[in-house]
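J.: Please read through the structure below; I'll follow up with questions.
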Amino acid sequence: MPLALITGTSRGLGRALAERLLAQGWTVHGFSRQPDAWAPPGFVAQAVDVGDPVAVRSAVAAITAGGATIDLLINNAGAAAMNALLLTPPEVAADLIRVNYLGTFHCLQTVGKAMVRARRGRIINVTTVAVPLALEGEAAYVASKAAVEALTRVAARELAPQGLVIAAVGLGPVDTRLTKAVGAAPLARLNQRIGRPAGTTIAEAVDFLLGHALDPHLANGSIHYLGDFPPA
Ligand SMILES: NC(=O)c1ccc[n+]([C@@H]2O[C@H](COP(=O)([O-])OP(=O)(O)OC[C@H]3O[C@@H](n4cnc5c(N)ncnc54)[C@H](OP(=O)(O)O)[C@@H]3O)[C@@H](O)[C@H]2O)c1
């Protein structure tokens with residue numbers, strides 16, 4: 001039975017990704033700071049702050065202790081904030097780097113070591129269409145996800161010889177807690193800009209993400225944006 005580790009499974013896209021993989025027969029481990037009582041068969045939650053490298057190492061060790069190998073890591077845990085650049089509090093910028101970039105870095109590094117030992121594994125990092133659009137009002141968020149994309153490309157080059165495939169998937173607006181603070185008008189404008197005027201449901205976002213994550217021909221280091229973008 002294949003095994004996936006997904007970060008950010010306490011709600012939103014991470015929860016929906018976990019549900020889909022469980023339905024397909026995967027064993028799924030989930031990290032989030034506040035996992036709830038959701039415990040379907042095949043799902044194992046751990047309370048982990050992905051920005052804490054010691055916590056990440058110990059939680060990954062708990063998964064692999066009995067000899068289990070992780071086939072797929074989805075670095076999904078994330079946070080966002082909308083602020084005019086000149087008014088963004090420094091602590092907001094630091095927090096977004098800590099969760100979005102460093103959280104991805106710690107999980108990729110720790111799980112990557114286990115995958116290198118197994119000489120195979122796949123890692124998908126979740127990014128956003130706001131990066132290629134250089135979206136105004138989201139400078140700190142965009143910068144943190146641009147770092148995730150750069151990490152994806154370098155990791156893919158370094159770890160391809162060890163049998164790993166690493167890519168990123170960039171989503172447009174999806175109705176989760178992450179977008180609750182954003183007004184309907186900016187979300188509609190963004191959906192127009194990416195050629196998806198009707199928006200994207202959580203199920204469609206999961207289809208898009210897992211379509212790439214499970215694609216046997218997924219190109220190492222590739223970045224796939226939902227919507228009208230040339231391939232990156
Ligand atoms: N929704 C969108 O429109 C959209 C668009 C583009 C990209 N994305 C990306 O998609 C991903 C998922 O977002 P979402 O919309 O599902 O957001 P969400 O509903 O706010 O869920 C975020 C998840 O991340 C977890 N998380 C946050 N900080 C964490 C930390 N330090 N350690 C461990 N887990 C943490 C949260 O759990 P706890 O709070 O329990 O820790 C939660 O499970 C993010 O990377 C986001 O940037 C979303």
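None of the figures in this text is laboratory data; all of them are computed from the coordinates on show. Because the structure is predicted, anything quoted here is derived from the model rather than measured. All Cβ positions, glycine included, derive from the backbone under ideal geometry; neighbour counts span all protein chains shown.
J.: Please determine, in degrees from 0 to 90 and to the nearest 10, the orientation of helix 139-159 with respect to the longest principal axis defined by the Cα atoms of the chain, where the helix direction is its Cα long axis.
T.: 30 degrees
J.: Taking the Cα centre of region 50-142 as the origin, how large is its charge dipole in debye, to the nearest 20, when only Lys and Arg (+1) and Asp and Glu (-1) carry charge on their Cβ atoms? Before the final figure, lay out the partial values.
T.: Values: 7 positive and 6 negative charges, 141 e Å.
So the dipole magnitude of region 50-142 works out to roughly 680 debye.
J.: Moving on to the next point. As a check on your grasp of the helix formula, calculate [θ] at 222 nm for the chain: sum -39500 (n - 2.57) over DSSP H runs of n ≥ 4, divide by the residue count, round to the nearest 500.
T.: Here the helix-only value at 222 nm equals -12500 deg cm²/dmol.
J.: Out of Pro132, Phe31, Thr69, whose Cα points farthest toward the positive end of the dipole of the chain (charges: +1 Lys, Arg; -1 Asp, Glu; placed on Cβ)?
T.: Farthest towards the positive pole: Thr69.
J.: Put +1 on the Cβ of each Lys and Arg and -1 on the Cβ of each Asp and Glu in the chain; which of His224, Val154, Val99 then has its Cα farthest toward the positive end of the dipole?
T.: Val154
J.: Order the peptides 155-164, 3-12 from the highest to the lowest mean number of other Cβ atoms within 10 Å of their residues.
T.: 3-12, 155-164
J.: Which value, in debye to the nearest 20, describes the size of the charge dipole of the chain about its Cα centre when Lys and Arg Cβ atoms bear +1, Asp and Glu Cβ atoms bear -1, and nothing else is charged?
T.: Dipole of the chain, to the nearest 20 debye: 360 debye.
J.: P(r) of the chain in 5 Å steps, Cα pairs, percent per bin?
T.: All Cα pairs considered, the percentages come to 1, 7, 15, 20, 21, 17, 11, 6, 2, 0, 0.
J.: Projected onto the charge dipole of the chain (+1 at Lys/Arg Cβ, -1 at Asp/Glu Cβ, origin at the Cα centre), which of Gly170, Gln109, Tyr141 gives the Cα projection farthest towards the positive end?
T.: The one lying farthest along the dipole's positive direction is Gln109.
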